[in-house]
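Reading through the structure tokens given below for one structure.
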Amino acid sequence: MTARQVLVVDDEIGIRELLRDILQDEGYQVKLAENAAEARDYRQHTRPDVVLLDIWMPDCDGITLLKEWGTGGMLTMPVVMMSGHGTIDTAVEATRIGAFDFLEKPISLQKLLKTVTAALKHSEQLPKSDMSLLSLGKSRVINELRQILEQVSISKAPLLLIGEKGSGAEFCAKFLHQANTPWMELFESQRLADAPLEVLEQLREGVLFIPEVADLDKTQQKGLLVLLAKAEKYGTRVVCATSQPLPNLVAAGTFDNVLLQTLSVSTLRIPSLSDHREDIPDLVRAMAFLLVETTASPYREFETAALNMLRNADWPGNLMQTSLGEKISLDDVNRVMEQFSPLQSAVVEQLSSKANGILFDLDRPLREARDDFERLYFEHHIQKADKNMSRVAEAVELERTHLYRKLKQLGIKTK
């Protein structure tokens with residue numbers, strides 16, 4: 001069994017070496033950092049099981065480093081703060097930011113080992129990686145979004161999140177979720193129709209997140225109304241997200257008007273990535289770090305020119321696997337972008353033909369362009385399967401009921 005790893009961060013060499021000797025005698029693997037810069041660099045490449053972090057250091061204090069890790073989505077391990085001049089206010093501040101515990105110097109042997117053991121036990125319950133609302137960036141747009149969510153978090157009223165797919169609705173919902181309470185992202189929508197109260201019972205004092213409320217059929221919408229009516233009794237918060245214009249769906253008869261009115265009491269629009277392009281470098285780094293923690297990929301830094309190009313372009317794919325050097329360069333980004341240029345030209349050429357009387361145009365709004373593509377996509381598979389809907393469902397990997405609902409939404413007739 002691999003020894004558990006402890007990172008000790010302290011500017012005093014005597015304390016670093018003393019803690020190292022004690023913990024190594026207990027069978028731990030110990031890494032040392034004499035300042036925040038070394039600790040920051042080490043954390044960028046490795047996730048230790050526990051960090052012992054001194055508060056007062058010359059280059060950067062421990063509280064500031066703790067905040068950095070939290071903001072960057074890197075606080076995925078227990079951090080125990082240490083100080084010889086600690087105050088209650090400092091300990092409270094550290095705990096609020098995310099510290100697991102606080103040790104006052106001089107640290108007794110018994111207290112040290114007890115705290116490290118407890119921290120390791122807590123470490124097993126933490127995710128190895130984390131993308132959160134904090135990972136989306138520090139721009140004015142994202143800071144305002146965070147402030148609004150903090151205000152909204154005071155109550156448990158239902159919340160409707162409106163934004164493009166991929167804009168971070170799940171991050172917003174998780175921001176409203178309190179630690180040690182139930183959380184559910186609902187993928188089995190039929191549970192709303194079959195047993196909405198069972199869902200509430202499972203989520204007492206927790207959060208229910210529905211990633212696309214527009215996908216619910218009429219019976220599931222009725223079930224959601226029942227659930228919303230009882231949610232306050234169970235202390236459950238319901239957060240729904242949508243990328244669809246719900247009033248239009250009401251007008252088309254596919255979405256319940258009463259449900260729309262219920263959800264519209266509290267709504268929040270999520271900015272798209274194009275609204276805060278200045279956050280793309282931070283977001284790219286967070287995604288790179290996530291890849292490091294969830295795969296065997298080594299960490300790669302990004303050259304400034306590469307980040308600038310990503311800031312001004314749509315993300316074409318996973319850049320982390322395209323570089324053999326120590327850094328991801330502008331050439332690496334260009335190489336990937338070039339792979340997509342001929343693909344885009346081919347797509348434009350193939351989709352410029354008329355489909356259902358609509359000319360596919362990449363300059364149209366995203367929702368309309370997506371509908372055009374999905375219409376062509378399903379018509380292709382229907383023709384390929386000779387209108388055998390079982391084969392179509394299998395080819396596109398959708399349940400039959402979801403497939404029929406999608407085809408109806410796109411106006412595709414199968415008979």
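The values are calculated or read from the model by the stated rules, or taken from the named source; none is laboratory data. Note that the structure is a prediction, hence the values are computed from the model and not measured. No Cβ is skipped: glycine too gets one built from the backbone with ideal geometry, and neighbour counts run over all protein chains shown. Please note that ligands, DNA and RNA were not included when accessible areas were found on the heavy atoms of the full protein model with its side chains. Shrake-Rupley method; radii C 1.70, N 1.55, O 1.52, S 1.80 Å.
For the pairs 218/406; 384/413; 67/111; 230/406; 121/156; 384/408, flag any whose C-alpha to C-alpha distance is greater than 22 Å. All intermediate terms of the calculation are to be shown ahead of the outcome.
Values: 218/406 14 Å; 384/413 15 Å; 67/111 25 Å; 230/406 30 Å; 121/156 31 Å; 384/408 19 Å.
Going by Cα-Cα distance, 67/111; 230/406; 121/156 fall outside the 22 Å limit.
May I ask for the Rg/Rh ratio of segment 1-45, computed from Cα atoms with Rh as the Kirkwood radius, given to two decimals?
Result for segment 1-45 is an Rg/Rh of 0.99.
Could you report segment 183-258's accessible area per residue, 1.4 Å probe, as an integer in Å²? Write down the numbers at each step before the final one.
Working: 3430 Å² over 76 residues.
Each residue of segment 183-258 exposes 45 Å² on average to a 1.4 Å probe.
Determine, from the Cβ-Cβ distance of residue 215 and residue 150 and an R0 of 45 Å, the FRET efficiency 1/(1 + (r/R0)^6), rounded to the nearest 0.05.
Working: r = 29 Å, r/R0 = 0.65.
FRET efficiency, residue 215 to residue 150: 0.95.
May I ask you to give the percent of accessible area on segment 1-91 that is carbon plus sulfur, with a probe radius of 1.4 Å?
Details: 1980 of 3990 Å².
Here it works out to 50 percent.
Quick one: net charge of residue 66's neighbours, Cβ under 14 Å, K/R +1, D/E -1?
Working: positive: 40, 43, 67, 96; negative: 54, 61, 68, 93, 101.
Combined, the nearby Lys, Arg, Asp and Glu give -1.
Through the Karplus equation 6.51 cos²θ - 1.76 cosθ + 1.60, θ set to phi - 60°, convert the phi angles of segment 374-389 into ³J(HN,Hα) values in whole Hz; use x for Gly and Pro.
Each residue of segment 374-389 in turn: 4, 4, 5, 4, 5, 4, 4, 6, 5, 5, 5, 8, 6, 6, 7, 5 Hz.
Solvent-accessible area per residue for segment 65-113 at a 1.4 Å probe radius, Å²? Please list the in-between numbers first.
Working: 2340 Å² over 49 residues.
Value returned for segment 65-113: 48 Å² of accessible area per residue.
Between residue 389 and residue 165, how many nm apart are label points set 7 Å from Cα along the C-beta direction?
Rounded to a tenth, the inter-label distance reads 2.1 nm.
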